[in-house]
1. Restricting to segment 39-48, what's the tally of residues that are buried (at least 18 other Cβ atoms within 10 Å of the Cβ) and out of contact with any Pro (no Cβ under 7 Å at 6 or more places or on another chain)?
2. Look at Val179 and say whether it is β-branched (Val, Ile, Thr), outside any loop (DSSP other than H, G, I, E, B) and open to solvent by 10 Å² or more (accessible area, probe 1.4 Å).
3. Give the residues of segment 124-136 that are open to solvent by 80 Å² or more (accessible area, probe 1.4 Å) and either of a type in the set (Lys, Arg) or at pLDDT 95 or above (or both), sorted by residue number.
4. Out of segment 137-164, which residues are open to solvent by 20 Å² or more (accessible area, probe 1.4 Å) and part of a loop (DSSP other than H, G, I, E, B)?
5. Which residue out of Ala148, Ala181 is in contact with a Phe, Trp or Tyr (Cβ under 9 Å, 6 or more places away or on another chain) and not polar (S, T, N, Q)?
6. Restricting to segment 183-207, give me the number of residues that are of a type outside the set (Val, Ile, Thr), open to solvent by less than 30 Å² (accessible area, probe 1.4 Å), at negative phi and touching an Asp or Glu at 6+ places or on another chain (Cβ under 9 Å).
7. Within segment 1-108, considering only strands (runs of 3 or more DSSP E) that don't extend past its boundaries, which have at least 2 residues that are over 28 Å from Leu323 (Cβ atoms)?
Amino acid sequence: MVELFRVLSVADVRKLLDSLPVPSRRVEEVPLLRAAGRVLARGVRAPEDVPAFSRSTVDGYAVIARETFGAGESTPTLLDVVGEVRMGETPGRRLSEGEAMYVPTGGMLPEGADAVVAVEHVEVMGTLLNVYRAVSPGQNVIFRGEDALAGEEVLGPGMRLRPYEIAYLAGLGVREVPVYAPPIATVLSTGDELVPHETRDLRLGQVRDTNAPAICLLAEEFGARVRCGGIVRDDEDAFARAIGAALEDSDLVILSGGSSVGVRDLTLRVLEERFRAEVFFHGISLHPGKPTLLARVGERFVLGLPGNPTSATVVFFLFGRHLLARLAGEAVFAPIALEAKLRRPLASVAGRTDYYRVRLVREADGWWAEPVLGKSGLLFTLLGSDGLAEVPEEKEGYLAGESVRVYLLDTRQVAVPPPRKPREGLAARWTEKEE
């Protein structure tokens, strides 16, 4: 039997979640516009070059860049205007030395040209073009294949698709994408004192269940198909039946309450004795949320959260979505965080990681974090919070004015694109300059 409160550090829990062997997921082919939020099961290769032709990013004149070198207000370069390119049409001829051709934004670059001079830096006198600013090769141009090369893997497996990736794939003409079926999560609340949140009149000693609504909605936002399994009483047989039923058709069973060391806390005993579960840990050295449990029954996982509403929410935000990301097939879990300076000091205890709810304020010198004070069992401290300030276990706190890492309290994650091979040809040699 795993000893009660065999505690892992926050760093060790993160490493464990990154390395967990997870079951293979079913792959679905879904229409592109229904794939947002899903995780790619296979890499996507570009069927064609994007863009299919080199084009201008400004209204201006296509030129051979080296012919503009040395151009200035008092010493303009003189070129012959030999025509214009209309939108949706191809240039009528190749550009030769000493020539320029008008190209609108998005227009096709004529062969022989390698840059575009913006209209505000030229003057047209009949068929003569005065160029008052030099351009470098590749300036104001997007070259053929610069966004994607035919046959290149542009998105790798394990990437969660955002609207930006969807738009990118739309530009490639992709109609359907292979994605993993989302994990199924069942949420159970435990405790004789709990009643459904819809309950109007409470008897003395009863408490409305606030954990299930929060955890169900967070799990859904983190990409799971969620089943809210209701409230389970503090009876070992009833508890075991509820867990057994949830394990039959769920990838993850989330228990709210029942994971600490009180006489009524059944989770560990039921999992080990009734289900022969492999328990990874029973406790995390953090505050709030120390009594947290993670176990596996066959290929199904069980996450036991604290009963304290704030603790349950914080722990699920920090580790529950990490676990769901793994179960969903994501290759990399990277929550968004930023550095902010503290308005007031934060105390901590060496040997554990503390998380403080903070409100973020943007000042001229950067972000500032204002701790939202209140007891850990009070939900209102989350209402005015933008993030969780982390005090690592090796620190005994921070002084006012010191920088602290803040995890943003939303569901966004950093997209990690696959490595791209260096471009060949024009796009690799030239870097467009910002003006």
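1. 3
2. no
3. Listed by number, the list holds a single entry, Arg133.
4. Scanning segment 137-164 gives Pro137, Arg144, Glu146, Asp147, Leu149, Ala150, Gly151, Glu152, Pro157, Arg162.
5. Step by step, each of Ala148, Ala181 is checked, and only Ala148 is in contact with a Phe, Trp or Tyr (Cβ under 9 Å, 6 or more places away or on another chain) and not polar (S, T, N, Q).
6. Here the count works out to 4.
7. Per the criteria, 60-63, 77-84, 99-103.
Residue-by-condition table, conditions (1) in a loop (DSSP other than H, G, I, E, B); (2) modelled with pLDDT of 95 or more; (3) more than 18 Å from Arg321 (Cα to Cα); (4) of a type in the set (Lys, Arg):
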| position | (1), (2), (3), (4) |
| --- | --- |
| Gly351 | yes, no, yes, no |
| Arg359 | no, no, yes, yes |
| Arg362 | no, no, yes, yes |
| Leu373 | yes, no, yes, no |
| Gly377 | yes, no, yes, no |
| Leu382 | no, no, no, no |
| Lys395 | yes, no, yes, yes |
| Arg405 | no, yes, yes, yes |
| Asp410 | yes, no, no, no |
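The values are calculated or read from the model by the stated rules, or taken from the named source; none is laboratory data. Here the structure is a predicted model, which means the values were calculated and not measured. Positions of Cβ are generated from backbone atoms using ideal geometry, with glycine treated the same way; all protein chains shown enter the neighbour counts. The accessibility values were calculated without ligands, DNA or RNA, using every heavy atom of the protein model including side chains. Shrake-Rupley method; radii C 1.70, N 1.55, O 1.52, S 1.80 Å.
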